[in-house]
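Working notes, structure below.
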Amino acid sequence: MEFEYSDKVQQLLQKLRDFMDEHVYPAEETYHRQLQEDRWGEPPIMAELKKKAQQAELWNLFLPDNRFGAGLTNLEYAPLAEEMGRVLFSSEIFNCSAPDTGNMEVLAQYGSEAQQQQWLTPLLAGEIRSAFAMTEPKVASSDATNIETSIVRDGDDYVINGHKFYISGLMNKRCKIMIVMGKTDPDNPNRHQQQSQILVPTDTPGVKIRRPMTVFGYDDAPEGHAEVIFDNVRVAAENLILGEGRGFEIAQGRLGPGRIHHCMRLIGGAQRALENMAKRAEQRVVFGRPMSKQGSVREDIARSACEIEQARLLTLKAAAQMDQYGNKAARDLIAMIKIVAPQMACTVIDRAIQVHGAAGLSQDLHLAGHYTYARTIRLADGPDQVHMMQLGRNLAARYGAVG
């Protein structure tokens, strides 16, 4: 594979970096201050930055379908997502934030024309936000066939009953639509054809948000992670996506790009942590000399640089494989980077926190927030153990057959 980015990507990357330097980094303090005034609303600075990003044509960069987005391949998008990942809220500025990205991909790939017009169009324009409701507290949702939420046909409608939690994005006041995964055919002998996905407007009667869930005490405002009850929620039959029994198929199509996008952003967060760690070590004097003179600190910096670069290259290889052969053919590489990148980010950011001392734990730096995000991704879109189980199974079968 080519290790140099094309001229097109280099120009976009420079444009994005200039935008980050001029508009995003200077706005970090303002964003967090405004967020304290309205935890679940959109900070005014975010609306301003979105307008500037649209004017700069740095918008919907994640979508490879040029009917809807920038038409970039996964490999082309990777360095851009990494750059956005340096600031936790910056992906939204460019309309490239989860869970909206995955939901837009679902609607672009599987949605009907009417569904696209009603929901994809305003999502692409950044006018609304969305959520993806799959995980449940009473079952092991790492195996999606376990979910118990029922989606029952009743005339021209479907009626939904269930209990979901950690539904990212649902607390946001601008969240207007959910994609809900549940079972339309729980008795189907093929467990992967029991599920379906359906569009549920957040203001539908019977949608009851019980509480926001926290992550290490963070409420992750303004998106949040809701616990929600579906109590006889009734929506039109045409809200079903693709057809009954296609939910697992849609989920697999959605999660491939979503997983690697998280990894791209994590590399950006880890890279920023490394830069901060090196700067702190060079400037902070302890026991009469800079910390960078300490062998253990130098080793932490060196190991971190190695680990980030390894994860970056594996991410690029997985992205190239997805582009060339499709998500299914790249599943082993996607699993590898989903195992590697979050753990790498946790490790590197933890070292950076240690070098910064108490300040590393505080709200004055980005490190605590980035660590929380990295630790979350070790569970989100499939826990480490599930990816290792499936990867190990695939590799054993492959090499066992050769033997």
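The values are calculated or read from the model by the stated rules, or taken from the named source; none is laboratory data. For clarity, every value in this text was computed on a predicted model and none was experimentally measured. Backbone-built Cβ (ideal geometry, glycine too); neighbour counts: all protein chains shown.
What to note about this one:
- For region 110-131, a residue qualifies if it is outside any loop (DSSP other than H, G, I, E, B), touching a Leu at 6+ places or on another chain (Cβ under 9 Å) and not charged (D, E, K, R), and the qualifying residues are 110, 115, 116, 118, 119, 120, 123, 124, 130, 131.
- Extreme residue, farthest from the chain's Cα centre (by Cα), among residues of region 143-171 that are surrounded by fewer than 23 Cβ atoms within 10 Å (Cβ to Cβ) and outside any strand (DSSP E or B): 155
- Taken over region 216-233, the criterion of being buried (at least 16 other Cβ atoms within 10 Å of the Cβ) and over 17 Å from residue 162 (Cβ atoms) is satisfied by 220, 221, 222, 223, 224.
- Test for residue 56: is it in contact (Cβ under 8 Å) with a residue 40 or more places away in the chain, of a type in the set (Gly, Ala, Ser) and within 30 Å of residue 198 (Cβ to Cβ): no
Yes or no, residue by residue, for (1) surrounded by fewer than 17 Cβ atoms within 10 Å (Cβ to Cβ); (2) modelled with pLDDT under 95; (3) touching a Cys at 6+ places or on another chain (Cβ under 9 Å):
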residue	(1), (2), (3)
356	no, no, no
360	no, no, no
369	no, no, no
377	no, no, yes
381	no, yes, no
402	yes, yes, no
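- Taking the criterion of being in a helix (DSSP H, G or I), more than 28 Å from residue 371 (Cβ to Cβ) and touching a helix residue (DSSP H, G or I) at 6+ places or on another chain (Cβ under 9 Å), the residues of region 45-74 that qualify are 48, 52.
- Residue 227 being in contact with a strand residue (DSSP E or B) (Cβ under 7 Å, 6 or more places away or on another chain), touching a residue at least 12 places away in the same chain (Cβ under 8 Å) and outside the structural domain of residue 92 (by TED's automatic domain parsing): yes
- Some residue of region 71-80 being of a type in the set (A, V, I, L, M) and within 20 Å of residue 169 (Cα to Cα): no
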